[in-house]
């Protein structure tokens, strides 16, 4: 049986809790992100009010223009009426330019501030969060949802500051001209209430669905661009386009319905306006024909009512705009409510290990990402200043050990100590500063090679940088780069080869100078020459450091001081390379298999 999309259900009436939640979101947004810009917003509102009032002034000036200038032909009035009308339009142009510029500035400051806050918050969350929230989804949250909030400054605030003033000014002109005509013209407005309420619920529901499908589309694009080489090699272009198009089709449907709902609110205003104009013409036509009212009266009234329906139309659409804003606000707020489980421990903190005392112990550690444990009562020791290798089949828990050591996650049972101190009692930043990591796919950023090595490190002079580049064999390829160490390495280091990226990562670790080194398959994807150079650099990097190595290729760990063999999250063997070969156990069988396959 096919499950139904929950977003396809008929909209339900919003209850009291929904309204309370909406008010909470509005208050949170105002107090936390908009209030610092109150001064500019108030100034903008004043400028908007002047802009809105000028519409009423122009409609009022039509009476003397028609009655005194065109009908009575009073030549002396021409210049004054012309100057007044021209001045109103100039005033409107100036105030409009000023407040739109101010609102654009405030909108971008609020959006970029929220983007920074969201990104900062997300970077503090645990790895468990990122396992269920793909990058494309988060990019859309950070960029897409925050940009949707610009509508507050582009439509909602102008609706209050300009359109409401326009409505009041134009109603005053219309009522002053003839209150009966005004009542006749606006007779259809009460009929807008019920349809507008239904459209409001539709727009809110479609706005939520549009933002969700937008996040799915961003995730698809992120996967396509990350895997473009694989897609091209396997001829999956049409397949991936098909997957993307299915998501975009849902996005298109939701966006069109949202736009249609917002447009329908304005269209209802047009229907009411048409009814009002028809009734006024019927009612007022006879009065003008008999001379009871002048042409100037009618033109001033007609202009006021004609101008009136445009701000009314915009005000009518604000409900839909606000529902879209609330949908994005809710998503941003919920994301900011995500709390990391890995936090700074309460005082007093455990002392960080003294130099040379970085012995690592795992004692009865059990850890599971979901329900099945990855590590089962794991206990091991990595002696300070020595190299300990972790080997075993994929899924044995080797990389998870690195995750727990750096407190990207905490074990459900057992404890981990460094220098005899439980890492959960250590200062979190201080703990992570103990480690340098070189992985199979070390992260490089679209900055210069220099920036990728320093990674914000301060107090590193050119001599120290050069020493690190030399030790990591980076200088061997610098002359191939257009600007040497100041050459941009491209997104994810795409301008460099795999071996070159690894050497940059090693230079980064050398500059960082951390006492504990974690090597995660650092040479597994390299050719023989690159592997030789990287291994030489790693050997230099490991000197005097407590080093843990993960490797499938056993030739890279033969010289380790200790080799620990893991199987399904527990230790099954440990010893030196020679000791394990002599024991004839799992390590010996694995080594023999690799040797037989020509991997050694």
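Using 7 Å Cα-to-Cβ label points, what is the residue 412/residue 156 separation (nm, one decimal)?
Calculated label separation equals 4.3 nm.
To make sure I understand, if each residue's beta carbon is the centre and we count other beta carbons within 10 Å, what order do 422, 222 fall in, fewest to most?
Numbers: 422 14, 222 17.
By the 10 Å Cβ count, ascending: 422, 222.
Please quote Rg/Rh for the chain to two decimal places, taking the Kirkwood radius as Rh and restricting both calculations to Cα atoms.
1.16
Seen from all sides and averaged, what is the projected area of the convex hull of the Cα atoms in the range 360-596, in nm²?
Orientation-averaged projected area of the Cα hull: 13.4 nm².
For helix 462-471, report the angle its Cα long axis makes with the longest principal axis of the Cα atoms of the chain; keep it between 0 and 90° and round to the nearest 10°.
The angle comes out near 60 degrees.
What ranking of 79, 50, 564 emerges when the number of other C-beta atoms within 10 Å of each C-beta is taken as an exposure proxy, fewest first?
79, 50, 564
From Cα pairs below 8 angstrom and at least 6 apart in sequence, can you work out the relative contact order of the range 440-522, rounded to a whole percent? The partial results should precede the final answer.
Working: 93 pairs, mean separation 41.3, N = 83.
Rounded, it is 50 percent for the range 440-522.
Can you give the relative contact order of the chain as a percent, counting alpha carbon pairs under 8 Å and 6+ residues apart?
14 percent
To check you understand DSSP bridge types, tell me what percent of the beta bridges within the chain (both residues inside) are antiparallel, rounded to 5.
Looking only at bridges with both residues in the chain, the antiparallel portion is about 50 percent.
Apply 1/(1 + (r/R0)^6) to the Cβ-Cβ distance of residue 128 and residue 43, taking R0 = 41 Å, and write down the FRET efficiency to the nearest 0.05.
About 0.35, to the nearest 0.05.
Using the count of nearby Cβ atoms within 10 Å as a rough guide to exposure, how do 129, 153, 66 rank from fewest to most?
If I rank by nearby Cβ atoms, fewest first, I get 129, 66, 153.
Taking the chain as the reference, fit the longest principal axis to its C-alpha atoms, fit the long axis of helix 586-596 to the helix C-alpha atoms, and give the angle between the two in degrees, 0 to 90, nearest 10.
So the inclination is approximately 90 degrees.
Pop out the Kirkwood hydrodynamic radius of the range 313-375 from its pairwise C-alpha distances, inverse of mean 1/r, in Å to one decimal.
Working: mean 1/r = 0.0563 Å⁻¹.
Mean inverse Cα-Cα distance, inverted, gives 17.8 Å.
As I understand it, the value is the acute angle between the Cα axis of helix 75-122 and the longest principal axis of the Cα atoms of the chain; what does it come to in degrees, rounded to 10?
It is inclined by approximately 20 degrees.
Given the peptides 140-149, 554-563, arrange them by the average over their residues of other C-beta atoms within 10 Å, most packed first.
So the peptides 140-149, 554-563, ranked by packing, come out 140-149, 554-563.
Quick note: the coordinates plus some simple rules give every number you see, no bench work behind them. Fair warning: this is a prediction, and the values are worked out from it, not measured in the lab. When we count neighbours, we look across all protein chains shown, and the Cβ atoms used for this are built from the backbone with ideal geometry, even at glycine.
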